[in-house]
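Written out below as structure tokens is the structure these notes cover.
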Amino acid sequence: MKVIKESKNPNYSLTIGSSLKGHILATYNQLVEILGEPTYPNPSGDEKVQKEWVVQFRGDYFTIYDWKTFDVDYTMNELESFHIGGKVPAWDFIDALENKLHGKQKQ
């Protein structure tokens, strides 16, 4: 699992065409603890997304983001469920995230 860091010339093509694949029960602080700071720490132009991570997992790219909270303070301090986006099914990715969050190792 590799988190993509924001650059001056972001490669949006990694996530163009992605769509909602699931959710993860986690707080902003928990996600920062396991993934680091968000790839996109500032709100999107339409403010539908306040914080977003782009993660490469097994050759595919996934996004973890809040959706339509329209409030960065709420996202960072109260939100407990984030959206998972991608171009392929995300079950394995969500499973890996949950294992990291809860400290479980797959056997």
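Below, the figures for the structure above:
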{"quantity": "Residue among V54, V49, V72 that alone is under 17 Å from T27 (Cα atoms), aliphatic (A, V, I, L, M) and out of contact with any strand residue (DSSP E or B) (no Cβ under 7 Å at 6 or more places or on another chain)", "calculated": "V72"}
{"quantity": "Strands (runs of 3 or more DSSP E) contained in segment 46-107 and holding at least 1 residues of a type in the set (S, T, N, Q), touching an Asp or Glu at 6+ places or on another chain (Cβ under 9 Å) and under 17 Å from K2 (Cα atoms)", "calculated": "60-65"}
{"quantity": "Subset of segment 39-71 [among the hydroxyl-bearing types (S, T, Y), free of Cβ contacts under 8 Å to residues at least 40 places away in the same chain and crowded, with 22+ Cβ neighbours inside 10 Å]", "calculated": "T39, Y65"}
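Results for (1) under 13 Å from the mean Cα position of the chain (by Cα); (2) at pLDDT below 95; (3) not small (G, A, S), shown as yes or no for each residue.
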{"residue": "N42", "(1), (2), (3)": "no, yes, yes"}
{"residue": "K51", "(1), (2), (3)": "yes, no, yes"}
{"residue": "N77", "(1), (2), (3)": "no, no, yes"}
{"residue": "H102", "(1), (2), (3)": "no, yes, yes"}
{"residue": "K106", "(1), (2), (3)": "no, yes, yes"}
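The values are calculated or read from the model by the stated rules, or taken from the named source; none is laboratory data. Predicted model only: the values in this text are computed from it and were never measured. Every residue, glycine as well, gets a Cβ built from its backbone with ideal geometry; the counts of neighbours run over all protein chains shown.
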